[in-house]
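**Student:** A single structure is presented below for examination.
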Amino acid sequence: MTRAFLEDASFNQSPAFGDVDLFSADRPLSDAAARYGLGEAELSACGRDYGSFESFELGRIANENPPRLRTMDGKGNRVDAIEFHPAYHALMTKSIGYGIHSSAHDGSEPFGPMTQRAMRLYMATQAESGHLCPVTMTHACLGALAAEPDVLRAWKDKILSRSYDAVLKPWQSKSGVTIGMGMTERQGGTDVRANISFAEEKGDHVEITGHKWFMSAPMCDAFLVLAQGAGGLTCYLMPRFRPDGSLNAIRFQRLKDKLGNKSNASSEVEFHGAYALRIGREGQGVRTIIEMVQLTRIDCAVASAGLMRIALAQAINHIRNRSVFQRRLADQPAMRAVAADLALELEANVALVFRLTHAADKPDDAGEAAWLRLMTPAIKYLVCKSAPAFVNEALECFGGNGYSEELPMARYYREAPLNAIWEGSGNVMALDVLRAAARQPDATNEVIDRLARTAGEACDAAGIASMLKRMLRSGEAEGRARFLCEHLARLGAVAALVEAGSPFAGLYAATRLAGPPVAQYGARDLGFRNESTLMERALAV
Ligand SMILES: Cc1cc2nc3c(=O)[nH]c(=O)nc-3n(C[C@H](O)[C@H](O)[C@H](O)COP(=O)(O)OP(=O)(O)OC[C@H]3O[C@@H](n4cnc5c(N)ncnc54)[C@H](O)[C@@H]3O)c2cc1C
């Protein structure tokens, strides 16, 4: 008995999760793809690739070997290079190869390009989140570069290229480029109008002097940067090299020592008269870069949903294979209540984020455009801010193993708060909902009425809709911004589930919009059959 015990040390430990098709095994995802008429075979191939043990290993190794900054060579010459582990480069090669940075713009997706591409992002982030920072920013930069057609024309082919070229050299000689973004300064990130970096006109370009307190993915080939021009805050494109081939005056000070997101470099940087080109009109910097920010906000929500999904899939894989008191955890009522409640939350988040990308796929539809403007901050708020508590609960399904750095749950947990912070933190998103409503009150009322009509098939939504409209008009809206934002997003989630034909729209509404308030997952009675279906759909293997 003792010998058998020693020889089989992994007895009653769950098998490692991997070699799974992240598309087909995820019913909420594959249902959404079918509903929007997307390329399911391609998505399934992508899901198998990111779901392989090999991809999960790349994610682990890239995070255990974070990037390093080399400011100078041995002779004291500036190099300002960031060195990454080969595992990071392998992930970048894969994600650039799948066009997660480009396929929404290059015409390669005949139906729902934003949504099909977002589904790849959702699966890629399950293998590794950090490397997707430059991938997202490169995807999003095209929104801002459109304000300067000549610059866009010059850069577009390199941006859309599916060849990942990690060599530090002038962008003209590279097979593909990535683009970053520098807005945040020490004295203010949200309040970018307080930026003190400034640009001096030099004929056909400007030279920027100043700093950025957070500039992620510093190995990018160029950055969209906000600085004070003669006419006020303006957007500029700052390449790593000057047109004569010399290194641009971008001096990285150090890399941030971050809570999570270890595979991704985030720098503190100074500009010493760095060469840059104006993008969009002088003094219109926020208006120009907001086109990029809107796209990155959508990606934050999609990526947080992906992170929640991999945490839940890992947890379900564990509880299906772990017995406590001689009974599988997945069969124990208290554990089923937790896993199914998480799965219900995820069903709604998945319906919501792909409803969001579906709206982004319809830029010419005025109703969808109004929906997108109001719901982007609300959905980013709800989904991204839900991630830490969700991942925490999934981690706890593992018991003590959840706390081990050798297993992936700890990494997911440290990653989970990030998307809620960058590209507009929680309060900023809630206030942005108010701003959208104040600017377009009629369109806002129409969106809320539409949500209520759709959600009304699953619950009594009229009361919530009129409460939202009344509060948005009232003087107390700012103090109740989070309440408004959360209820708007949850109403949107019920409507998204109804539109998806989900059998869980009523259950979600009953447990999230009505019913006694509870603080923890697993405290709601979802019913035995619903629990089984929800868990089965979350991990259909
Ligand atoms: C890992 C990481 C990578 C990043 N990468 C980049 C990057 O590549 N480029 C870049 O430009 N930035 C980057 N950022 C910066 C990020 O976008 C900012 O940190 C974020 O926007 C918040 O700005 P801040 O840190 O200045 O906080 P502040 O603006 O000081 O906000 C502090 C808090 O106050 C709240 N708040 C703000 N305004 C109000 C208000 N009116 N009412 C009530 N509450 C309010 C916010 O929600 C927040 O909780 C990165 C951040 C992190 C953590």
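The values are calculated or read from the model by the stated rules, or taken from the named source; none is laboratory data. Predicted model only: the values in this text are computed from it and were never measured. No Cβ is skipped: glycine too gets one built from the backbone with ideal geometry, and neighbour counts run over all protein chains shown. Accessible surface areas use protein heavy atoms only, side chains included; no ligands, DNA or RNA. Shrake-Rupley method; radii C 1.70, N 1.55, O 1.52, S 1.80 Å.
**Student:** Within the range 317-335, is even one residue outside any helix (DSSP H, G or I), touching an Asp or Glu at 6+ places or on another chain (Cβ under 8 Å) and on the phi < 0 side of the Ramachandran plot?
**Tutor:** The answer is no, given that none of the residues of the range 317-335 is outside any helix (DSSP H, G or I), touching an Asp or Glu at 6+ places or on another chain (Cβ under 8 Å) and on the phi < 0 side of the Ramachandran plot.
Each row is one residue, and each column tells you yes or no for (1) within 16 Å of the ligand (Cβ to nearest atom); (2) in a helix (DSSP H, G or I); (3) open to solvent by 30 Å² or more (accessible area, probe 1.4 Å); (4) within 22 Å of MET119 (Cα to Cα).
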residue	(1), (2), (3), (4)
PHE354	no, yes, no, yes
THR357	no, yes, no, yes
LYS362	no, no, yes, yes
ALA378	yes, yes, no, yes
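**Student:** It is to be established whether one or more residues within the range 64-78 are open to solvent by 60 Å² or more (accessible area, probe 1.4 Å) and under 18 Å from LEU121 (Cα atoms).
**Tutor:** No.
**Student:** Just name the residue that is nearest to the ligand (Cβ to nearest atom) out of those in the range 259-278 that are in a loop (DSSP other than H, G, I, E, B) and open to solvent by 40 Å² or more (accessible area, probe 1.4 Å).
**Tutor:** Once the filter is applied, the top-ranked residue is LEU259.
**Student:** Do you know which residues across the range 507-541 are among the small types (Gly, Ala, Ser), over 21 Å from ASP26 (Cα atoms) and open to solvent by 30 Å² or more (accessible area, probe 1.4 Å)?
**Tutor:** Passing the criteria: ALA510, ALA514, GLY515, ALA519, ALA523.
**Student:** Does VAL498 meet the test of being farther than 22 Å from VAL353 by Cβ and either hydrophobic (A, V, I, L, M, F, W, C) or open to solvent by 10 Å² or more (accessible area, probe 1.4 Å) (or both)?
**Tutor:** In short, no.
**Student:** Restricted to the range 279-292, and to residues that are touching a residue at least 24 places away in the same chain (Cβ under 8 Å) and of a type in the set (D, E, K, R), which residue is least open to solvent (accessible area, probe 1.4 Å)?
**Tutor:** Taking the candidates together, the pick is GLU282.
**Student:** Being within 16 Å of the ligand (Cβ to nearest atom), open to solvent by less than 70 Å² (accessible area, probe 1.4 Å) and either touching a residue at least 24 places away in the same chain (Cβ under 8 Å) or under 20 Å from LEU69 (Cα atoms) (or both) is the filter here, so list the residues in the range 188-218 that pass it.
**Tutor:** Listed by number, the residues that qualify are GLY189, VAL192, ASN195, SER197, ILE208, GLY210, HIS211, LYS212, MET215, SER216, ALA217, PRO218.
**Student:** Tally the residues that are of a type in the set (Phe, Trp, Tyr), open to solvent by 30 Å² or more (accessible area, probe 1.4 Å) and away from the ligand (no atom under 11 Å from the Cβ), restricting the search to the range 407-436.
**Tutor:** Number satisfying all stated conditions: 1.
**Student:** Can you pull out the residues in the range 172-187 that are open to solvent by 20 Å² or more (accessible area, probe 1.4 Å) and touching a strand residue (DSSP E or B) at 6+ places or on another chain (Cβ under 9 Å)?
**Tutor:** Residues satisfying the conditions are GLN172, MET183, THR184, ARG186, GLN187.
**Student:** In addition: For the structure I just gave you, tell me whether ASN401 is away from the ligand (no atom under 16 Å from the Cβ), within 30 Å of ALA339 (Cβ to Cβ) and crowded, with 16+ Cβ neighbours inside 10 Å.
**Tutor:** yes
**Student:** May I ask you to say which residue of ARG524, ARG480 is out of contact with any Phe, Trp or Tyr (no Cβ under 9 Å at 6 or more places or on another chain) and either over 26 Å from ASP442 (Cα atoms) or not charged (D, E, K, R) (or both)?
**Tutor:** ARG524
**Student:** Say whether the condition of being part of a strand (DSSP E or B) and of a type in the set (Lys, Arg) is met by at least one residue in the range 228-247.
**Tutor:** So far as the range 228-247 goes, no, none of its residues is part of a strand (DSSP E or B) and of a type in the set (Lys, Arg).
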